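Novice: Attaching a single structure in structure tokens format; questions to follow.
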Amino acid sequence: MEKPGAFLIPYFIALLFEGIPLLHLELALGQYLRKGSIGAWNSISPYLGGVGVGSWIVSVLVSLYYNTVLTWVMWYFINSFQEPLPWSVCPLNENRTGFNEECYESTSVNYFWYRKTLNITPDIAESGKLQWWLILCLAACWLVVYLCTIRGIETTGKAIYVTAIFPYLVLTIFLIQGLTLPGATEGLIYLFTPNLNTLKNPRVWLDAATQIFFSLSLAFGGLIAFASYNPTKNDCEKDAVTVAIVNSMTSLYASIPVFSVLGFKATTAYWDCLDRNIINIINEFDLPEESIMRQNYTSWISFLNSSYPEKIAGLKLKSCDLQEFLDQSVSGTGLAFIVFTQAIILMPGSQAWAILFFIMLFSLGLSSMFGNIEGVFTPLLELQIIPKSAPKELLSGIICLISFLIALSFTLGSGSYWIDIFDRYAGSVPLLVIAFFEVIGVVYIYKIKRFSKDVEWMTGRKLNLYWQITWRFISPLLLLIVFMAFVTLQMQRPPSYTAWNPKYEGFPMKEEKVYPPWVQAICVLLAALPCVCVPLVALFHLVKQKRRSKDPSFVPPEVFSCHGANSNFSHTKE
Amino acid sequence: MLRALLLTLSIVAIAHAELCKPDAQNAFKVRISIKTALGDNAYAWDANEEYLFKAMVAFAMRRYSSKSTTQISNVLLCNVTDRVSFWFVVTDSSKNVTTVPGSEVEAAIRMNRNRINNAFLLSDKTLQFLKITSTLSPPVEPSTPVWLIVFGVVLCLIVAGIVFLIVSGIQKHKKKNKDSTERENLEEKVEVTLENGIPCEALDLKPGHINGVFAADDERFTSL
């Protein structure tokens, strides 16, 4: 994993040239056209309707797997009420002479995550069984989502007050606790020292770009949907800049307690390593207790190594290096469920910390789910899939039920491997492609002069140079470069994954495996499906146009240009 | 007489020394970590503690085999280091200068491990008999797992919330329907046609409206 200090630089560059411009674009679009993603892009131009459909598909795919992550959070949350925490002790083996072997070889935290929670299979091709406890939690999570989005924006708007404010409270509490832990300063130094070598790795830039998308929920269609509920004369430019800055500041603010806790964990692991070595040496040489302490460990080791080298070699002491422990911090799901839970066990009053932490994670994930579901819900509402007389509760119920049934496949033994696939392929490349077409579509097809006039009408100010330059040149160029880099990186080696296999010789290291061909086909399908919508819909309209031009009684296309203005009056604010 | 006594004592001492030495047959190594267990309240390991240890081992042997022949003098300690660690054997006074089989000693210690630990204020980890494994106690498992109870609570809250929202939605819908039907019964439904956003009644649809500004200067125009 790259050192986080240097990550901040590509992150801020991506934010400035990609995040903020795209955010403003989407908010302005939704606010002016007053429609969800599919309707909005159809209004811009029927040829660009595919962009809306693509965003909708991405929202559907992401909603499916994202709620399963929330399921895991809920599972950990309801297990945090137990004393002692279930991931802090290893269960005993059958004849009670020792600990369960899988747990003993790795750690109790790993065992709880891979065995007790996921019950993971050693290979993606082996599906395993449905885990009933995960099904229960998944049902509960989808019921929570249904509760909050039951009447669309009406209930979501109220729920967001809780889910947005509560994490700040918990983060502050963690900040205070984290800074008082020993080893916190090492973690913070690790966070803020830049290692400029990592900037040479294109993977870092790629990760920063895709992180911005996920962080600001760009190209999901959710932002357009939210903005369509704003009053028309709302200052969307101020909104965009404010949202982006608050988002980044929150990320920075959140990283401080996270890294102080990680520093604490690394320091504790380092001390444990030293203590284990010290005990081994004391036992071997029958030295009195507390003769070797952590401080004089190195001097003792050098002395003993020179006098009794064979004995020392026979002990097989592990080399303890603090930097190595700091580097071990994993990212993503591993960070929350393995690293942080391990750190929580070491804190006094661990149940309270665990409960707080998982509630915070749950509300954070829930707010993201709102954006995704809104991106799915609003276009369906506009397309009038169900008759107008039927209540909105019915549509949201149907969406949640169908998603729950499909997401059951993620509760299989191999579920987490599939979630990784969805995360890597459905949640990265399509976003780049859709965002690229969004910018190109608005700037070159709808024409930026027209769009500037629309934004000026809404905000009352002329668009300044920053927006003109980024929208016209920098953002599309940056998106194109990142997309090319991503594709080339993927082509370099066959896509592989790491599997948790207790029978592997290198256990507890994870086994590196290559995806079988049918899985690779699914990966390509996931990445390509939202992207091909764009040319497909354009082609469809082109064919329809060609056929219409041969028909003498056709409606001239000028009608479409007024469509945007008419829709101002047709959209009722709910 | 004195010489004979000295001779027997030295023979016994030599024999004992041969019985108790590191890795001897039926000998066990013990490792004690007092400072780790007790911290500041740690006591020093001296001859009195050794005497207590011999007594506990003898007690364990007596309790296990329920024949009261093992004496404190039957337990031999040797090679005491600063760690604190030492080796011990249990001799059998009925048979000449032999040691009790290791399996018996092991079984006796296992049976009375708790008592031995408590005598020294230590635990299984800090008073280690290196070849004797201890049976680990299973964790306390409540009859219903705790997480299931918490899950039940959470689920009830969510379902209550959903039911509340759906019911209030249906009630609002019914109220709106009732209000709109009442309004229909009270007022006549007036069909208002709009032209350019202005109701038609406001427009004067009579053709050929005379504009008063120009009508005053009628004589100036040439008559047709």
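The values are calculated or read from the model by the stated rules, or taken from the named source; none is laboratory data. The model shown is predicted, which means the values in this text are computed figures rather than measured ones. When we count neighbours, we look across all protein chains shown, and the Cβ atoms used for this are built from the backbone with ideal geometry, even at glycine.
Novice: Does the stretch A:433-446 contain at least one residue that is of a type in the set (D, E, K, R) and either surrounded by fewer than 18 Cβ atoms within 10 Å (Cβ to Cβ) or over 30 Å from A:L23 (Cα atoms) (or both)?
Specialist: no
Novice: Considering (1) surrounded by fewer than 19 Cβ atoms within 10 Å (Cβ to Cβ); (2) within 14 Å of chain A (Cβ to nearest Cβ); (3) not basic (K, R), say which one B:E104 fails and leave the rest.
Specialist: (2)
Novice: If you don't mind, there's one more thing I want to ask. Considering the stretch A:539-552 alone, what residues qualify as being in a helix (DSSP H, G or I) and either surrounded by fewer than 16 Cβ atoms within 10 Å (Cβ to Cβ) or modelled with pLDDT of 90 or more (or both)?
Specialist: Listed by number, the residues that qualify are A:L539, A:F540, A:L542, A:V543, A:K544, A:Q545, A:K546, A:R547, A:R548, A:S549, A:K550.
Novice: Testing A:L136 on (1) at the interface with chain B (Cβ under 10 Å from one of its Cβ atoms); (2) in contact with a Phe, Trp or Tyr (Cβ under 7 Å, 6 or more places away or on another chain); (3) surrounded by 22 or more Cβ atoms within 10 Å (Cβ to Cβ), one condition comes back false. Which one is that?
Specialist: (3)
Novice: Give the residue that is nearest to the other protein chains (Cβ to nearest Cβ), with candidates limited to residues of the stretch A:144-172 that are surrounded by fewer than 20 Cβ atoms within 10 Å (Cβ to Cβ) and free of Cβ contacts under 8 Å to residues at least 24 places away in the same chain.
Specialist: Residue satisfying both the conditions and the ranking: A:K158.
Novice: Another question about this same structure. Determine if the stretch A:373-383 includes at least one residue that is surrounded by fewer than 16 Cβ atoms within 10 Å (Cβ to Cβ) and among the hydrophobic types (A, V, I, L, M, F, W, C).
Specialist: Yes: the stretch A:373-383 contains one or more residues that are surrounded by fewer than 16 Cβ atoms within 10 Å (Cβ to Cβ) and among the hydrophobic types (A, V, I, L, M, F, W, C).
Novice: Oh, and also: Considering A:F303, A:F259, which residue is part of a helix (DSSP H, G or I) and surrounded by 15 or more Cβ atoms within 10 Å (Cβ to Cβ)?
Specialist: Just a single option satisfies the conditions, and that option is A:F259.
Novice: Taking helices (runs of 4 or more DSSP H) that fall entirely within the stretch A:429-538, which contain at least 1 residues that are among the polar types (S, T, N, Q) and touching a Leu at 6+ places or on another chain (Cβ under 6 Å)?
Specialist: A:448-459
Novice: Out of A:I279, A:I245, which single residue is within 14 Å of chain B (Cβ to nearest Cβ) and either at pLDDT 85 or above or closer than 20 Å to A:L346 by Cβ (or both)?
Specialist: Answer to the selection: A:I279.
Novice: Could you run through the stretch A:68-121 and say how many residues are polar (S, T, N, Q) and either closer than 24 Å to A:F410 by Cα or in contact with a strand residue (DSSP E or B) (Cβ under 9 Å, 6 or more places away or on another chain) (or both)?
Specialist: Total meeting the criteria: 11.
One line per residue, one yes/no per condition, for (1) out of contact with any Gly (no Cβ under 8 Å at 6 or more places or on another chain); (2) over 30 Å from A:L526 (Cα atoms); (3) in contact (Cβ under 8 Å) with a residue 40 or more places away in the chain; (4) outside any helix (DSSP H, G or I):
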residue	(1), (2), (3), (4)
A:S367	yes, no, yes, no
A:G375	no, no, yes, no
A:S389	yes, yes, no, yes
A:F404	yes, no, yes, no
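Novice: Right, something else. Taking the stated definitions as given, is B:A42 within 14 Å of chain A (Cβ to nearest Cβ), free of Cβ contacts under 8 Å to residues at least 12 places away in the same chain and within 37 Å of the chain's Cα centre (by Cα)?
Specialist: Against the criterion (within 14 Å of chain A (Cβ to nearest Cβ), free of Cβ contacts under 8 Å to residues at least 12 places away in the same chain and within 37 Å of the chain's Cα centre (by Cα)), B:A42 qualifies.
Novice: Is it the case that A:I522 is touching a Ser or Thr at 6+ places or on another chain (Cβ under 6 Å) and at pLDDT 90 or above?
Specialist: Spelling it out, it is not the case that A:I522 is touching a Ser or Thr at 6+ places or on another chain (Cβ under 6 Å) and at pLDDT 90 or above.
Novice: Of the residues that sit in the stretch B:164-179 and are among the β-branched types (V, I, T) and facing chain A (nearest Cβ under 10 Å), which one is nearest to A:A390 (Cα to Cα)?
Specialist: B:I170
Novice: Read through the list (1) within 26 Å of A:I279 (Cβ to Cβ); (2) among the hydrophobic types (A, V, I, L, M, F, W, C); (3) more than 14 Å from chain A (Cβ to nearest Cβ); (4) in contact with an Asp or Glu (Cβ under 8 Å, 6 or more places away or on another chain), then give the number of the only condition that B:M56 fails.
Specialist: (4)
Novice: Going through the stretch A:218-256 one residue at a time, which ones are more than 30 Å from A:V60 (Cα to Cα) and assigned to a loop (DSSP other than H, G, I, E, B)?
Specialist: A:K233
Novice: Among A:S217, A:S260, A:S255, A:S248, which is in contact (Cβ under 8 Å) with a residue 24 or more places away in the chain and at positive phi?
Specialist: A:S217 is the lone residue from the list that is in contact (Cβ under 8 Å) with a residue 24 or more places away in the chain and at positive phi.
Novice: Let me ask something else about it. Could you please find all residues in the stretch A:53-89 being in a helix (DSSP H, G or I), hydroxyl-bearing (S, T, Y) and either within 16 Å of A:S367 (Cα to Cα) or within 14 Å of chain B (Cβ to nearest Cβ) (or both)?
Specialist: A:S59, A:S63, A:Y65, A:Y66, A:T68, A:T71, A:Y76 - these are the residues of the stretch A:53-89 that are in a helix (DSSP H, G or I), hydroxyl-bearing (S, T, Y) and either within 16 Å of A:S367 (Cα to Cα) or within 14 Å of chain B (Cβ to nearest Cβ) (or both).
Novice: Scan the stretch A:173-183 and give yes if some residue there is under 23 Å from A:I402 (Cα atoms) and either within 14 Å of chain B (Cβ to nearest Cβ) or buried (at least 21 other Cβ atoms within 10 Å of the Cβ) (or both), otherwise no.
Specialist: No, there is no match, as no residue in the stretch A:173-183 is under 23 Å from A:I402 (Cα atoms) and either within 14 Å of chain B (Cβ to nearest Cβ) or buried (at least 21 other Cβ atoms within 10 Å of the Cβ) (or both).
Novice: If I ask for residues that are within 14 Å of another protein chain (Cβ to nearest Cβ) and assigned to a helix (DSSP H, G or I), which ones from the stretch A:112-133 would you list?
Specialist: A:F112, A:K116, A:T117, A:W132, A:W133
Novice: Here's another thing I want to ask about it. Of all residues in the stretch B:59-79, count the ones that are within 14 Å of chain A (Cβ to nearest Cβ) and either crowded, with 16+ Cβ neighbours inside 10 Å or among the basic types (K, R) (or both).
Specialist: Qualifying residue count, the stretch B:59-79: 1.
Novice: Next question, about the same structure. Out of (1) at pLDDT 80 or above; (2) surrounded by fewer than 20 Cβ atoms within 10 Å (Cβ to Cβ); (3) among the polar types (S, T, N, Q), the odd one out for A:S416 is which?
Specialist: A:S416 satisfies all of (1) at pLDDT 80 or above; (2) surrounded by fewer than 20 Cβ atoms within 10 Å (Cβ to Cβ); (3) among the polar types (S, T, N, Q) except (2).
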